[in-house]
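Okay, so here's the structure we're looking at.
The values are calculated or read from the model by the stated rules, or taken from the named source; none is laboratory data. Small disclaimer: the values here were computed from a predicted structure and weren't measured. Every residue, glycine as well, gets a Cβ built from its backbone with ideal geometry; the counts of neighbours run over all protein chains shown. Heads up: the accessible areas ignore ligands, DNA and RNA and are worked out on the full protein's heavy atoms, side chains in. Shrake-Rupley method; radii C 1.70, N 1.55, O 1.52, S 1.80 Å.
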Amino acid sequence: MYAQMVDTGVRSVKDAAAMTPEEQAFQARIDADVKVEPKDWMPEHYRRTLIRQIQQHAHSEIVGMLPEGNWVTRAPTLKRKAILMAKIQDEGGHGLYLYSAAETLGVSRDDLIADLHAGRVKYSSIFNYPTLTWADIGAIGWLVDGAAIMNQVPLQRTSYGPYARAMVRICKEESFHQRQGYEIMMHLAQGTPEQKRMAQDALDRWWQPSLMMFGPPDADSVHSAQSMQWKIKLLSNDELRQRFVDQTVPQADYLGLTVPDPQLRWNAERGHYDFGPIDWREFYDVLKGNGPCNRDRIRTRVKAWEDGAWVREAAVAHAEKRAARKAA
Ligand code: FAQ
(Lines give C-alpha, C1' and ligand atoms only; values in the text may rest on other atoms or scores of the structure.)
Protein backbone atom coordinates (compact mmCIF):
# COMPACT_ATOMS: atom_id res chain seq x y z
CA MET A 1 0.00 0.00 0.00
CA TYR A 2 2.85 2.37 0.76
CA ALA A 3 5.45 3.36 -1.76
CA GLN A 4 8.02 6.02 -1.23
CA MET A 5 6.89 9.19 -2.97
CA VAL A 6 9.91 11.40 -2.39
CA ASP A 7 13.28 9.82 -2.90
CA THR A 8 15.68 12.32 -1.40
CA GLY A 9 18.40 10.70 -3.49
CA VAL A 10 20.94 11.11 -0.72
CA ARG A 11 22.28 8.01 0.96
CA SER A 12 25.51 9.39 2.42
CA VAL A 13 26.68 12.86 3.35
CA LYS A 14 28.89 15.00 1.17
CA ASP A 15 32.08 16.37 2.68
CA ALA A 16 32.92 20.03 2.18
CA ALA A 17 35.27 19.34 -0.75
CA ALA A 18 32.47 17.71 -2.76
CA MET A 19 30.05 20.60 -2.18
CA THR A 20 29.43 23.49 -4.57
CA PRO A 21 30.24 26.96 -3.16
CA GLU A 22 26.49 27.53 -2.64
CA GLU A 23 26.18 24.27 -0.72
CA GLN A 24 29.23 25.15 1.39
CA ALA A 25 27.74 28.54 2.28
CA PHE A 26 24.43 26.84 3.11
CA GLN A 27 26.14 24.27 5.36
CA ALA A 28 28.12 27.06 7.08
CA ARG A 29 24.85 28.82 7.96
CA ILE A 30 23.39 25.55 9.30
CA ASP A 31 26.55 24.95 11.36
CA ALA A 32 26.20 28.47 12.80
CA ASP A 33 22.56 27.71 13.78
CA VAL A 34 21.11 30.31 11.41
CA LYS A 35 17.54 29.32 10.51
CA VAL A 36 16.71 28.63 6.88
CA GLU A 37 13.64 30.59 5.74
CA PRO A 38 11.32 29.85 2.78
CA LYS A 39 12.84 32.38 0.36
CA ASP A 40 16.46 31.45 1.13
CA TRP A 41 18.41 29.34 -1.33
CA MET A 42 18.49 25.70 -0.24
CA PRO A 43 19.77 22.49 -1.83
CA GLU A 44 17.00 20.65 -3.65
CA HIS A 45 17.64 17.56 -1.50
CA TYR A 46 17.19 19.61 1.67
CA ARG A 47 13.83 20.87 0.38
CA ARG A 48 12.66 17.40 -0.61
CA THR A 49 13.79 15.83 2.67
CA LEU A 50 11.83 18.45 4.58
CA ILE A 51 8.72 17.96 2.45
CA ARG A 52 8.93 14.22 3.11
CA GLN A 53 9.39 14.55 6.86
CA ILE A 54 6.96 17.43 7.47
CA GLN A 55 4.19 15.86 5.41
CA GLN A 56 4.68 12.49 7.10
CA HIS A 57 4.44 14.33 10.39
CA ALA A 58 1.29 16.25 9.32
CA HIS A 59 -0.42 13.10 8.08
CA SER A 60 0.44 11.38 11.37
CA GLU A 61 -1.33 14.10 13.34
CA ILE A 62 -4.45 13.84 11.17
CA VAL A 63 -4.58 10.03 10.97
CA GLY A 64 -3.71 9.99 14.70
CA MET A 65 -7.10 11.55 15.41
CA LEU A 66 -8.83 8.34 14.31
CA PRO A 67 -7.87 5.80 17.02
CA GLU A 68 -8.89 8.33 19.68
CA GLY A 69 -12.01 9.45 17.81
CA ASN A 70 -13.16 5.86 18.19
CA TRP A 71 -13.69 6.52 21.93
CA VAL A 72 -15.43 9.93 21.91
CA THR A 73 -18.88 8.35 22.18
CA ARG A 74 -17.72 5.83 24.77
CA ALA A 75 -15.62 7.96 27.14
CA PRO A 76 -16.63 7.01 30.70
CA THR A 77 -17.71 10.50 31.87
CA LEU A 78 -18.75 13.83 30.35
CA LYS A 79 -15.49 15.38 31.62
CA ARG A 80 -13.38 12.66 29.96
CA LYS A 81 -15.36 13.13 26.74
CA ALA A 82 -14.76 16.91 26.74
CA ILE A 83 -11.02 16.43 27.40
CA LEU A 84 -10.73 13.79 24.66
CA MET A 85 -12.53 15.97 22.12
CA ALA A 86 -10.24 18.92 22.95
CA LYS A 87 -7.17 16.69 22.54
CA ILE A 88 -8.33 15.36 19.18
CA GLN A 89 -9.00 18.91 17.99
CA ASP A 90 -5.47 19.87 19.06
CA GLU A 91 -4.07 17.04 16.89
CA GLY A 92 -6.08 18.37 13.93
CA GLY A 93 -4.59 21.82 14.57
CA HIS A 94 -1.07 20.35 14.63
CA GLY A 95 -1.71 18.78 11.24
CA LEU A 96 -2.81 22.16 9.88
CA TYR A 97 0.29 24.03 11.15
CA LEU A 98 2.45 21.33 9.62
CA TYR A 99 0.68 21.37 6.23
CA SER A 100 1.21 25.16 6.26
CA ALA A 101 4.91 24.68 7.03
CA ALA A 102 5.16 22.19 4.13
CA GLU A 103 3.42 24.64 1.79
CA THR A 104 6.20 27.19 2.37
CA LEU A 105 8.44 24.72 0.50
CA GLY A 106 6.38 25.05 -2.68
CA VAL A 107 3.97 22.12 -2.48
CA SER A 108 0.19 22.29 -2.32
CA ARG A 109 -1.82 20.88 0.56
CA ASP A 110 -4.25 19.25 -1.85
CA ASP A 111 -1.38 17.35 -3.50
CA LEU A 112 -0.03 16.19 -0.13
CA ILE A 113 -3.44 14.93 0.92
CA ALA A 114 -3.98 13.22 -2.45
CA ASP A 115 -0.67 11.38 -1.91
CA LEU A 116 -1.76 10.24 1.56
CA HIS A 117 -5.06 8.97 0.22
CA ALA A 118 -3.37 7.13 -2.64
CA GLY A 119 -1.03 5.41 -0.16
CA ARG A 120 2.04 7.04 -1.72
CA VAL A 121 3.38 8.50 1.52
CA LYS A 122 3.78 7.29 5.07
CA TYR A 123 2.30 8.34 8.37
CA SER A 124 3.45 7.09 11.76
CA SER A 125 3.26 3.30 12.10
CA ILE A 126 1.69 3.67 15.56
CA PHE A 127 -1.69 4.76 14.21
CA ASN A 128 -2.28 1.42 12.51
CA TYR A 129 -3.05 -0.29 15.82
CA PRO A 130 -6.59 -0.51 17.23
CA THR A 131 -7.92 1.10 20.42
CA LEU A 132 -9.70 -1.83 22.05
CA THR A 133 -10.47 -0.45 25.53
CA TRP A 134 -10.67 2.89 27.35
CA ALA A 135 -7.23 2.16 28.80
CA ASP A 136 -5.84 2.47 25.27
CA ILE A 137 -6.76 6.17 25.35
CA GLY A 138 -4.66 6.51 28.50
CA ALA A 139 -1.82 4.55 26.91
CA ILE A 140 -1.89 6.70 23.75
CA GLY A 141 -1.61 9.91 25.77
CA TRP A 142 1.07 8.54 28.07
CA LEU A 143 3.17 6.58 25.57
CA VAL A 144 2.38 7.89 22.08
CA ASP A 145 2.26 11.57 23.01
CA GLY A 146 5.21 10.89 25.32
CA ALA A 147 7.22 9.49 22.39
CA ALA A 148 6.02 12.29 20.12
CA ILE A 149 7.26 14.95 22.58
CA MET A 150 10.61 13.21 23.01
CA ASN A 151 11.09 13.47 19.25
CA GLN A 152 9.57 16.93 18.83
CA VAL A 153 11.21 18.94 21.60
CA PRO A 154 14.56 18.83 19.75
CA LEU A 155 12.70 19.65 16.51
CA GLN A 156 11.96 23.10 17.98
CA ARG A 157 15.62 23.75 17.10
CA THR A 158 15.43 22.17 13.63
CA SER A 159 17.14 24.23 10.92
CA TYR A 160 14.03 25.12 8.89
CA GLY A 161 12.35 28.17 10.48
CA PRO A 162 8.65 27.44 9.75
CA TYR A 163 8.98 23.82 10.98
CA ALA A 164 10.85 24.84 14.14
CA ARG A 165 8.28 27.52 14.98
CA ALA A 166 5.31 25.18 14.39
CA MET A 167 6.88 22.80 16.90
CA VAL A 168 6.80 25.28 19.78
CA ARG A 169 3.04 25.30 20.25
CA ILE A 170 2.72 21.64 19.26
CA CYS A 171 5.13 20.62 22.04
CA LYS A 172 3.24 22.62 24.65
CA GLU A 173 -0.01 20.92 23.68
CA GLU A 174 1.52 17.45 23.42
CA SER A 175 2.90 17.78 26.92
CA PHE A 176 -0.63 18.43 28.22
CA HIS A 177 -1.81 15.40 26.22
CA GLN A 178 0.86 13.23 27.78
CA ARG A 179 -0.18 14.23 31.28
CA GLN A 180 -3.89 13.61 30.62
CA GLY A 181 -3.01 10.12 29.34
CA TYR A 182 -0.90 9.38 32.39
CA GLU A 183 -3.73 10.59 34.62
CA ILE A 184 -6.15 8.15 32.97
CA MET A 185 -3.62 5.35 33.55
CA MET A 186 -3.21 6.42 37.19
CA HIS A 187 -6.96 6.19 37.81
CA LEU A 188 -7.13 2.75 36.21
CA ALA A 189 -3.99 1.46 37.93
CA GLN A 190 -5.37 2.56 41.30
CA GLY A 191 -8.89 1.32 40.51
CA THR A 192 -10.46 -2.13 40.69
CA PRO A 193 -8.39 -5.22 39.85
CA GLU A 194 -10.21 -5.35 36.51
CA GLN A 195 -9.30 -1.71 35.74
CA LYS A 196 -5.67 -2.38 36.67
CA ARG A 197 -5.69 -5.40 34.32
CA MET A 198 -7.02 -3.14 31.52
CA ALA A 199 -4.20 -0.67 32.14
CA GLN A 200 -1.59 -3.46 32.08
CA ASP A 201 -3.08 -4.93 28.90
CA ALA A 202 -2.90 -1.52 27.19
CA LEU A 203 0.74 -1.11 28.22
CA ASP A 204 1.47 -4.63 26.95
CA ARG A 205 0.03 -3.83 23.52
CA TRP A 206 1.32 -0.25 23.07
CA TRP A 207 4.88 -0.58 24.44
CA GLN A 208 6.66 -2.05 21.42
CA PRO A 209 4.76 -0.01 18.80
CA SER A 210 5.69 3.12 20.81
CA LEU A 211 9.39 2.18 20.67
CA MET A 212 9.01 1.70 16.90
CA MET A 213 7.71 5.27 16.49
CA PHE A 214 11.31 6.53 16.67
CA GLY A 215 12.10 4.76 13.41
CA PRO A 216 14.53 1.97 12.49
CA PRO A 217 17.82 1.45 14.38
CA ASP A 218 20.45 4.03 13.45
CA ALA A 219 22.36 1.47 11.39
CA ASP A 220 19.30 1.02 9.14
CA SER A 221 18.11 4.63 9.10
CA VAL A 222 18.60 5.75 5.51
CA HIS A 223 17.99 9.46 6.08
CA SER A 224 19.62 10.13 9.46
CA ALA A 225 23.17 10.95 8.36
CA GLN A 226 22.13 13.64 5.89
CA SER A 227 19.25 14.94 8.01
CA MET A 228 21.58 15.34 10.99
CA GLN A 229 24.21 17.12 8.91
CA TRP A 230 21.49 19.58 7.87
CA LYS A 231 20.11 19.73 11.43
CA ILE A 232 16.69 18.66 10.19
CA LYS A 233 17.08 15.96 12.86
CA LEU A 234 18.99 16.88 16.00
CA LEU A 235 19.16 13.47 17.67
CA SER A 236 19.29 9.98 16.23
CA ASN A 237 16.45 7.44 16.30
CA ASP A 238 18.24 5.20 18.84
CA GLU A 239 19.23 8.11 21.07
CA LEU A 240 15.63 9.32 21.30
CA ARG A 241 14.33 5.78 21.85
CA GLN A 242 16.75 5.31 24.76
CA ARG A 243 15.70 8.62 26.30
CA PHE A 244 12.06 7.57 26.02
CA VAL A 245 12.71 4.22 27.75
CA ASP A 246 14.72 5.93 30.50
CA GLN A 247 11.93 8.43 31.11
CA THR A 248 8.99 6.03 30.87
CA VAL A 249 10.11 2.99 32.90
CA PRO A 250 10.04 4.87 36.25
CA GLN A 251 6.58 6.19 35.32
CA ALA A 252 5.38 2.60 34.78
CA ASP A 253 6.93 1.64 38.14
CA TYR A 254 5.04 4.46 39.84
CA LEU A 255 1.79 3.13 38.33
CA GLY A 256 2.60 -0.35 39.62
CA LEU A 257 2.53 -1.67 36.02
CA THR A 258 5.09 -3.95 34.40
CA VAL A 259 6.85 -2.99 31.18
CA PRO A 260 6.45 -6.05 28.93
CA ASP A 261 10.15 -6.73 28.43
CA PRO A 262 11.87 -9.49 30.43
CA GLN A 263 15.28 -8.12 29.40
CA LEU A 264 14.62 -4.63 30.74
CA ARG A 265 17.07 -3.67 33.49
CA TRP A 266 18.94 -0.65 34.78
CA ASN A 267 22.54 -0.57 33.63
CA ALA A 268 24.42 1.50 36.22
CA GLU A 269 27.56 1.55 34.11
CA ARG A 270 25.79 3.10 31.11
CA GLY A 271 23.39 5.13 33.24
CA HIS A 272 20.54 3.86 31.05
CA TYR A 273 18.03 1.02 30.91
CA ASP A 274 19.01 -1.93 28.73
CA PHE A 275 16.04 -3.28 26.84
CA GLY A 276 15.21 -6.34 24.75
CA PRO A 277 15.04 -6.59 20.95
CA ILE A 278 12.32 -4.83 18.98
CA ASP A 279 10.38 -6.81 16.38
CA TRP A 280 11.46 -4.86 13.31
CA ARG A 281 9.74 -7.34 11.00
CA GLU A 282 6.44 -6.18 12.45
CA PHE A 283 7.46 -2.52 11.93
CA TYR A 284 8.29 -3.03 8.24
CA ASP A 285 5.16 -5.09 7.76
CA VAL A 286 3.03 -2.25 9.16
CA LEU A 287 4.87 0.19 6.87
CA LYS A 288 3.97 -2.01 3.91
CA GLY A 289 0.30 -1.56 4.77
CA ASN A 290 -0.25 -4.81 6.65
CA GLY A 291 -0.90 -3.46 10.17
CA PRO A 292 -4.23 -4.25 11.83
CA CYS A 293 -5.83 -0.92 10.79
CA ASN A 294 -3.93 0.48 7.75
CA ARG A 295 -6.75 -0.03 5.26
CA ASP A 296 -9.42 1.19 7.64
CA ARG A 297 -7.48 4.37 8.46
CA ILE A 298 -7.09 5.39 4.82
CA ARG A 299 -10.68 4.46 3.96
CA THR A 300 -11.91 6.65 6.85
CA ARG A 301 -9.71 9.59 5.83
CA VAL A 302 -10.84 9.41 2.20
CA LYS A 303 -14.49 9.33 3.26
CA ALA A 304 -14.00 12.32 5.60
CA TRP A 305 -12.31 14.23 2.75
CA GLU A 306 -15.13 13.45 0.32
CA ASP A 307 -17.85 14.22 2.88
CA GLY A 308 -16.17 17.57 3.63
CA ALA A 309 -15.97 18.69 -0.02
CA TRP A 310 -19.04 20.94 0.31
CA VAL A 311 -17.48 22.75 3.29
CA ARG A 312 -14.29 23.50 1.32
CA GLU A 313 -16.31 24.62 -1.70
CA ALA A 314 -18.50 26.89 0.45
CA ALA A 315 -15.41 28.40 2.14
CA VAL A 316 -13.80 29.16 -1.24
CA ALA A 317 -17.05 30.68 -2.59
CA HIS A 318 -17.35 32.83 0.57
CA ALA A 319 -13.72 34.00 0.27
CA GLU A 320 -14.24 34.87 -3.41
CA LYS A 321 -17.41 36.86 -2.61
CA ARG A 322 -15.62 38.81 0.13
CA ALA A 323 -12.66 39.53 -2.15
CA ALA A 324 -15.00 40.72 -4.94
CA ARG A 325 -16.89 42.97 -2.48
CA LYS A 326 -13.63 44.46 -1.24
CA ALA A 327 -12.41 45.11 -4.79
CA ALA A 328 -15.73 46.78 -5.82
N1 FAQ B 1 6.28 5.22 10.98
O2 FAQ B 1 15.70 6.95 7.65
P3 FAQ B 1 14.63 6.94 8.68
C4 FAQ B 1 2.18 12.13 16.90
C5 FAQ B 1 10.19 5.56 7.72
S6 FAQ B 1 3.21 12.68 15.67
C7 FAQ B 1 6.27 5.20 9.65
O8 FAQ B 1 15.05 6.79 10.10
P9 FAQ B 1 13.75 9.65 9.12
C10 FAQ B 1 1.18 13.09 17.44
C11 FAQ B 1 10.81 6.85 7.24
O12 FAQ B 1 9.81 7.78 6.86
C13 FAQ B 1 4.13 11.22 15.22
N14 FAQ B 1 7.39 5.34 8.89
O15 FAQ B 1 13.68 8.20 8.45
C16 FAQ B 1 0.00 12.39 17.95
C17 FAQ B 1 11.63 6.34 6.08
O18 FAQ B 1 10.78 6.05 4.97
P19 FAQ B 1 10.75 6.97 3.64
C20 FAQ B 1 4.89 11.45 13.99
C21 FAQ B 1 8.54 5.49 9.56
O22 FAQ B 1 12.73 10.48 8.46
C23 FAQ B 1 0.03 11.73 19.18
C24 FAQ B 1 12.12 5.00 6.57
O25 FAQ B 1 11.22 4.59 7.58
N26 FAQ B 1 6.07 12.23 14.27
O27 FAQ B 1 2.33 11.03 17.28
C28 FAQ B 1 8.62 5.52 10.95
O29 FAQ B 1 15.14 10.15 9.13
C30 FAQ B 1 -1.10 11.07 19.66
C31 FAQ B 1 13.53 5.06 7.11
O32 FAQ B 1 13.59 5.77 8.36
C33 FAQ B 1 6.88 12.67 13.30
O34 FAQ B 1 6.63 12.45 12.13
C35 FAQ B 1 7.43 5.36 11.68
N36 FAQ B 1 7.39 5.35 13.02
O37 FAQ B 1 13.32 9.41 10.64
C38 FAQ B 1 -1.20 12.41 17.22
C39 FAQ B 1 8.07 13.46 13.76
N40 FAQ B 1 9.91 5.68 11.32
O41 FAQ B 1 10.21 8.32 4.05
C42 FAQ B 1 -2.32 11.76 17.71
C43 FAQ B 1 8.93 13.96 12.62
C44 FAQ B 1 10.63 5.74 10.17
O45 FAQ B 1 12.15 7.06 3.12
C46 FAQ B 1 -2.28 11.10 18.92
N47 FAQ B 1 9.60 12.91 11.93
N48 FAQ B 1 9.80 5.61 9.12
O49 FAQ B 1 9.81 6.25 2.73
C50 FAQ B 1 10.82 12.41 12.32
O51 FAQ B 1 11.38 12.82 13.31
C52 FAQ B 1 11.46 11.38 11.44
O53 FAQ B 1 10.83 11.43 10.18
C54 FAQ B 1 11.41 9.93 12.01
C55 FAQ B 1 12.02 8.97 10.98
C56 FAQ B 1 12.20 9.86 13.30
C57 FAQ B 1 9.95 9.51 12.27
Checking ALA315, ALA25, ALA118 against a Gaussian network model of the chain (alpha-carbon springs below 10 Å), the top fluctuating residue turns out to be ALA315
What does the charge count around ASP204 come to, taking other residues whose C-beta lies under 15 Å from its C-beta (Lys +1, Arg +1, Asp -1, Glu -1)? -2
Tell me the accessible surface of VAL121 in square angstrom (1.4 angstrom probe, heavy atoms of protein chains only), to the nearest ten. 10 Å²
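Explain nothing, just the number: dipole magnitude of the chain about its Cα centre with +1 on each Lys and Arg Cβ and -1 on each Asp and Glu Cβ, in debye rounded to the nearest 20.
1040 debye
How much area per residue is accessible in the chain when the probe is 1.4 Å and only protein heavy atoms are counted (Å²)? Don't skip to the end; give the middle numbers.
Working: 16130 Å² over 328 residues.
Per residue, the chain has 49 Å² of solvent-accessible surface.
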If you add up the charges near ASP307, with Lys and Arg at +1 and Asp and Glu at -1, over every other residue whose beta carbon is less than 15 angstrom from its beta carbon, what do you get? +2
Surrounding charge for GLU174, neighbours by C-beta under 14 angstrom, Lys/Arg +1, Asp/Glu -1, total -2
Which ³J(HN,Hα) values, rounded to whole Hz and listed in residue order, are derived for the range 102-111 from phi using the Karplus coefficients 6.51, -1.76 and 1.60 in 6.51 cos²θ - 1.76 cosθ + 1.60 with θ = phi - 60°, glycine and proline given as x? 5, 4, 5, 9, x, 10, 9, 4, 4, 5
Assuming a ≥ b ≥ c are the square roots of the Cα gyration tensor eigenvalues, decide whether the range 150-218 counts as rounded (a/c under 1.5), prolate (otherwise, with a/b larger than b/c) or oblate. oblate
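Taking R0 as 51 Å, what's the FRET efficiency between ARG29 and LEU132 from their Cβ-Cβ distance, rounded to 0.05? Working shown, then result.
Values: r = 49 Å, r/R0 = 0.95.
For ARG29 and LEU132, the calculated efficiency is 0.55.
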Taking the mean number of other Cβ atoms within 10 Å as a proxy for protection, how do you rank 127-135, 270-278, 46-54 from highest to lowest? 46-54, 127-135, 270-278
Over 31 Å (Cα to Cα) among LYS172/LYS233; LYS79/LYS172; LYS87/LYS196; LYS81/LYS288; LYS122/LYS321 -> LYS81/LYS288; LYS122/LYS321
Hey, what number do you get for the chain at 222 nm if only DSSP H runs of n ≥ 4 count, each worth -39500 (n - 2.57), divided across all residues, to the nearest 500? -20000 deg cm²/dmol
Phi-based couplings in Hz for the range 174-187 (Karplus 6.51, -1.76, 1.60; Gly and Pro marked x): 5, 6, 5, 4, 4, 5, 5, x, 5, 5, 4, 4, 5, 4
